[in-house]
Amino acid sequence: MLKSQGRDLISNRARMARLIYLAPGLTYIAIFMIIPLGILIFYTFFTRGTYGGVDFIFTLENYRRALDWLYLSVLLESILIAATTTILAFLIGFPVAYAITKLPSNWQNIMLVLIVLPFWSNFLIRTYAWIVLLNTQGFLNQGLINLGVLDQPLSLLYNPGAIVLGLLYAYIPLMILPIYSALVRIDPSLTESAINLGATTTQAFRQITLPLALPGVLVGSIFVFVPSIGNFIVPELLGGGKTVMVGNLIRDQFLKARDWPFGSVLALSMVFMLLMLFILQARVNRRVGSNG
Amino acid sequence: MRNSSKGMLAIIASAALFVLTGCGGSGSSSAKLDADADLASQKLTVSIWAAYSPEDLPSKFEEKFGTKVTITNHATNEEVMAKLTAGGDSGIDVAFVSGQFAQALAQQGLIENLDKSFIPNSANLVPEVANLTYDLGNKYSMPYAWGTTGICYRADLMKGNEPTSWNDLLMPKPQFKGKVTMLATERWLMLPAQKALGFSANTQDESEMNQVKDLLIKAKANLLAYDDTTFYERLVSGEAVMVEAWDGWCNYGIAKNKNIKFMVPKEGSDLWADTMVVLKSSKNKEAAHAFINYILDKDVHSWVVDNILYKVPNSAAMEKSLPALAADFPNMTISPSELLKGEGLVDLGKAAPLYTRIATEVTAK
């Protein structure tokens, strides 16, 4: 009896401490995430004010409009572009991360710094740099023409491929870093014992390294997919404004159409979709965890 | 669990309350200004496009009137509109917005009717400014710069095929396909097709706008890109030969390459104006009026002509600056009466979502 009371006291105190540690983060999330999200949800049920803002006339029309094929096709195209970017980031990022783990440790640090180095300069400037490189009068085209490889410049920019390229370049470090940190934690004795027990290196890689790196791959994929699907600068600059992504669509509803309620529905559906993605990631993670 | 969901509800409810109260109340009364107000005790926050006013403007104004001026920058009309219409006090006293946006702000009761007796330099303005359709008689806005939209092109690369019509831009000859850009901002995205089809640039007619949409979708196949910011650079590099452009921006290209020319298509074009407005929420209205008056001084206002290469509707400032620029930049000599032949852009009100939808349909195609 006494004993269990004592345990309650301790767990109460522990709970209290946990709450205190979490308080700054929770307050931050409540003020800058939950309340704005509440406002967003609240707005979705009302009518557009002619000059911005909302008129408080209840409607479900905004939700109906979001199902219009025009907006669904924009969403599908965005998913396609973000997914392509994520897959390419994985295909390029995994070998890079794997190779880094095989380097001597001081070289590993240098490589990691080099990978985050692009973040030291402004994102917009780096995006404009691609235009300078790839436009028909740019370095690449003119260089190849001068070398006699081409007689006509290639149209490398202002298409969905250029958008994928820009997003891939911008976000690939976010794929490499989590994969690296997952790979570097794998105990080398695991693969060694597998090989000693007769596994080939390919088998050891597929059955030990890859599954153990999976949580890192998932985190990296989310880190690349989420900012890619919401990006509206790259479609505008490298896509030449000829492809619309969800980010552009939402921004235009708020700023150009002054249709806050409809913009809120679109923004909310993005939040919902990303939430589903996080839940999926957590599920897969848990399954991997329980198997290991 | 129950507790936490109750807490959530409370948060949402209080957020809703916050929004409701934040958006309340907007009457329409004219400013009552105090002629003896101490300007040195007032502070001004001015929102303007980056690099659109002299860098030393705040210090010069403070030197003269003792008022501390803070400049904040916005990239687009839409951005500053979002700040000004978000409810509550934006903290901005004077905002620079295009005419149709000044009109929208006035409709919402967010800006003050100006007291001209505090803006004696408004006498420098050309009489034509009273006919600007977004604000007849300049009740709530003072024009800062104005101009029109046309085609900016490389005369050397288009010899014998110089554009004369919006159709030359929308349906370029085969050798120019893929070397054309159009403006991306909705109103100017629509303008070439609206004018080519003989419609008003302010049309709210859905069937007219559907024809505009069809034409723009056809034109998209011939475009290099939609571009609001670097189109003149593309002419300089030769990546493009012909771009839809605002007159002043074409001048930046002309400054780098004399083969670049500007023309207004025969179907006509728009008349745009950037204006200065005073927010109703401002507590520094005397200083705000003094600031606008200071801008309209010929020596201050001519800075825009000399450095931005925009026309200003200020006859004193134009007389001062034009002689040095007229030869190099012919579009600077477009007279006020010629400019007024262009159709003034007015706010679309309820039709704004129609334009956004069509812009999305065109660009997402």
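The values are calculated or read from the model by the stated rules, or taken from the named source; none is laboratory data. Just so it is clear, the structure is predicted and the values come from calculations on it, not from any experiment. Heads up, the Cβs are rebuilt from the backbone with ideal geometry, glycines too, and the neighbour counts pull from every protein chain shown.
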Legend entry - Top-ranked residue in region B:238-252 [being outside any strand (DSSP E or B) and within 14 Å of chain A (Cβ to nearest Cβ); ranked as farthest from A:Phe139 (Cα to Cα)]: B:Val241
Inset, instruction - Give the residues of region A:113-129 that are farther than 21 Å from A:Glu236 by Cβ and over 18 Å from the mean Cα position of the chain (by Cα), sorted by residue number. - result: A:Val113, A:Leu114, A:Leu117, A:Trp120
Inset, instruction - Test A:Pro188 against the stated conditions and say whether it is under 23 Å from the mean Cα position of the chain (by Cα) and away from chain B (no Cβ under 14 Å). - result: no
Inset, instruction - Six or more apart or on different chains, Cβ under 7 Å: which pairs go from a residue in region A:259-285 that's outside any helix (DSSP H, G or I) to one that's buried (at least 24 other Cβ atoms within 10 Å of the Cβ)? Could you list them? - result: A:Asp259/A:Arg48; A:Asp259/A:Gln253
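Each row is one residue, and each column tells you yes or no for (1) closer than 17 Å to B:Trp272 by Cβ; (2) buried (at least 17 other Cβ atoms within 10 Å of the Cβ); (3) within 14 Å of chain A (Cβ to nearest Cβ).
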{"site": "B:Ala288", "(1), (2), (3)": "no, yes, no"}
{"site": "B:Lys298", "(1), (2), (3)": "no, yes, no"}
{"site": "B:Asn314", "(1), (2), (3)": "yes, yes, no"}
{"site": "B:Lys320", "(1), (2), (3)": "no, no, no"}
{"site": "B:Thr333", "(1), (2), (3)": "no, no, no"}
{"site": "B:Lys341", "(1), (2), (3)": "yes, no, no"}
{"site": "B:Tyr355", "(1), (2), (3)": "yes, yes, yes"}
Inset, instruction - Kindly check whether there is at least one residue in region A:8-23 that is surrounded by fewer than 18 Cβ atoms within 10 Å (Cβ to Cβ), within 19 Å of the chain's Cα centre (by Cα), within 14 Å of chain B (Cβ to nearest Cβ) and modelled with pLDDT of 90 or more. - result: no
Inset, instruction - Identify, by number, the condition in (1) closer than 21 Å to B:Lys32 by Cα; (2) within 14 Å of chain A (Cβ to nearest Cβ); (3) aliphatic (A, V, I, L, M); (4) under 16 Å from the mean Cα position of the chain (by Cα) that B:Ala104 doesn't meet. - result: (1)
Legend entry - Which listed residue, of B:Leu235, B:Leu224, is touching a Lys or Arg at 6+ places or on another chain (Cβ under 8 Å), farther than 30 Å from B:Lys116 by Cα and assigned to a strand (DSSP E or B): B:Leu224
Inset, instruction - Could you run through region B:146-169 and say how many residues are without any contact (Cβ under 8 Å) to a residue 60 or more places away in the chain and touching a strand residue (DSSP E or B) at 6+ places or on another chain (Cβ under 8 Å)? - result: 0
Inset, instruction - Go through B:Gly268, B:Gly178 for me and flag whichever is within 11 Å of chain A (Cβ to nearest Cβ) and assigned to a loop (DSSP other than H, G, I, E, B). - result: B:Gly178
Inset, instruction - Check whether at least one residue in region A:215-233 is out of contact with any helix residue (DSSP H, G or I) (no Cβ under 8 Å at 6 or more places or on another chain) and more than 28 Å from B:Thr85 (Cβ to Cβ), and report yes or no. - result: no
Legend entry - Scan of region A:26-49 for residues that are closer than 20 Å to B:Lys83 by Cβ and in contact (Cβ under 8 Å) with a residue 12 or more places away in the chain, ordered by number: A:Leu40, A:Tyr43, A:Arg48, A:Gly49
Inset, instruction - Would you kindly identify the helices (runs of 4 or more DSSP H) lying entirely within region A:46-160 that contain at least 3 residues that are on the phi < 0 side of the Ramachandran plot and within 11 Å of chain B (Cβ to nearest Cβ)? - result: A:69-101, A:123-134
Legend entry - Options A:Leu212, A:Leu154, A:Leu197, A:Leu165; residue that is surrounded by fewer than 23 Cβ atoms within 10 Å (Cβ to Cβ) and within 30 Å of A:Asn106 (Cα to Cα): A:Leu212
Legend entry - Criterion (touching a strand residue (DSSP E or B) at 6+ places or on another chain (Cβ under 7 Å) and more than 29 Å from B:Phe101 (Cβ to Cβ)) met by exactly one of B:Pro172, B:Pro143: B:Pro172
Inset, instruction - Search region B:212-228 for residues being within 9 Å of chain A (Cβ to nearest Cβ) and over 13 Å from A:Ile131 (Cα atoms), and hand back the single one that is surrounded by the fewest Cβ atoms within 10 Å (Cβ to Cβ). - result: B:Lys220
Legend entry - When residues of region B:135-175 are limited to those that are among the polar types (S, T, N, Q) and under 23 Å from the mean Cα position of the chain (by Cα), the one surrounded by the fewest Cβ atoms within 10 Å (Cβ to Cβ): B:Asn138
Legend entry - Hits in region A:234-263 (condition: surrounded by fewer than 23 Cβ atoms within 10 Å (Cβ to Cβ), in contact with a Gly (Cβ under 7 Å, 6 or more places away or on another chain) and facing chain B (nearest Cβ under 8 Å)): A:Phe254
Legend entry - All positions within region B:343-353 that are more than 14 Å from chain A (Cβ to nearest Cβ) and of a type in the set (D, E, K, R): B:Glu343
Inset, instruction - Pull up region A:119-133, narrow it to residues that are surrounded by 12 or more Cβ atoms within 10 Å (Cβ to Cβ) and without any contact (Cβ under 8 Å) to a residue 60 or more places away in the chain, then point me to the one that is nearest to B:Glu239 (Cα to Cα). - result: A:Val132
Legend entry - Residue in region B:330-341 that is assigned to a loop (DSSP other than H, G, I, E, B), of a type in the set (Lys, Arg) and assigned by TED's automatic domain parsing to the domain that holds B:Leu114 present: no
Inset, instruction - Identify all residues within region B:195-226 that are under 18 Å from B:Ala352 (Cα atoms) and among the charged types (D, E, K, R); write none if there are none. - result: B:Asp205, B:Glu206, B:Glu208, B:Lys213
Inset, instruction - Check region A:62-81 and report whether any residue there is in contact with a strand residue (DSSP E or B) (Cβ under 6 Å, 6 or more places away or on another chain) and outside the structural domain of A:Phe205 (by TED's automatic domain parsing). - result: no
Inset, instruction - Could you tell me which residue of region B:343-353 is farthest from B:Asn124 (Cα to Cα), considering only residues that are surrounded by fewer than 21 Cβ atoms within 10 Å (Cβ to Cβ) and touching an Asp or Glu at 6+ places or on another chain (Cβ under 9 Å)? - result: B:Pro353
